[in-house]
Amino acid sequence: MLTKLSQHIAEVAVVYVPGRNLLAHAVRGQGCYVNGQKVTLGHWSDKLRDKTMLGIELGPWWAKANLPATVLLPLLERFAIRSVLSGAYGTIAMLRGETQAWVNLNVGWPWDFAPGSLFMKEAGGWASGPDGRELEFKRLEHMDVVYAVNEEMAQQILPLTTRWVQARSG
C-alpha cells in the first residue's frame, strides 16, 4: 500500500493484493481503478438489505465496550457480516462488489485507511469515521472507519457505529 497525503487527505493511492493479483489505484479527481477497470459504486438501496454483505473488523476490546449488544447485534439483525482481517482486502472487496460496506473499529492505522478513503470517494462511495466525520490522517494512532457504497448505506450503519464512539469516550 502506498499513499501520498496532502493537507492530511489522500491524494494518490495504490494497493496491491498479491494473493488475489489485484491492483487498485486512484488519483484525486481522476477516478478509482481495479486491474485497469474503472470502479463506480453507489448502487444500493434499502430494498437490497437482505442481500447486503457487511465487512467488519473488531479489536479485542470490543466485549469490554459492550459492543456485542450496542453495535454488533443490531448490525447482525440487518446484514450478513464477514471479516477478512485485512484493511487492504476489506477495501478491495468493496470495490469488487463483494461487500456493500466495511467497518473497522480501532483495529487499523492511518496507513491502512488512507488508500481506501480515496478509493471510496473516487468510486462514488462513502468514507468517514464511525460518527460520520470526514477522515483526516493527522496522527499516528489507531483509527475507526466506515466505508459504504453510498450515503444511504452509510446512514444505515452510522447510528450504530456512533454508539461505539460514545461507549469509548464515556
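Annotations
- Within region 4-44, being over 23 Å from residue 150 (Cβ atoms), in a strand (DSSP E or B) and of a type outside the set (D, E, K, R) holds for 5, 6, 12, 14, 16, 17, 23.
- Restricting region 48-75 to residues that are among the polar types (S, T, N, Q) and part of a loop (DSSP other than H, G, I, E, B), the residue that is modelled with the lowest pLDDT: 66
- Of all residues in region 93-149 being among the charged types (D, E, K, R) and modelled with pLDDT of 90 or more, the one that is least open to solvent (accessible area, probe 1.4 Å): 122
- Number of the condition not met by residue 78 [criteria: (1) surrounded by 15 or more Cβ atoms within 10 Å (Cβ to Cβ); (2) modelled with pLDDT of 85 or more; (3) over 22 Å from residue 17 (Cβ atoms)]: (2)
- Within region 1-18, if we keep just the residues that are closer than 17 Å to residue 96 by Cα and open to solvent by 80 Å² or more (accessible area, probe 1.4 Å), the residue that is farthest from the chain's Cα centre (by Cα) turns out to be 18.
- Taking strands (runs of 3 or more DSSP E) as the structural unit, those lying wholly within region 76-170 and holding at least 1 residues that are of a type in the set (Gly, Ala, Ser), touching a residue at least 12 places away in the same chain (Cβ under 8 Å) and more than 22 Å from residue 8 (Cβ to Cβ) correspond to 80-82, 101-108.
The values are calculated or read from the model by the stated rules, or taken from the named source; none is laboratory data. On a predicted model such as this, the values are computed, not experimentally measured, just so you know. All Cβ positions, glycine included, derive from the backbone under ideal geometry; neighbour counts span all protein chains shown. Please note that ligands, DNA and RNA were not included when accessible areas were found on the heavy atoms of the full protein model with its side chains. Shrake-Rupley method; radii C 1.70, N 1.55, O 1.52, S 1.80 Å.
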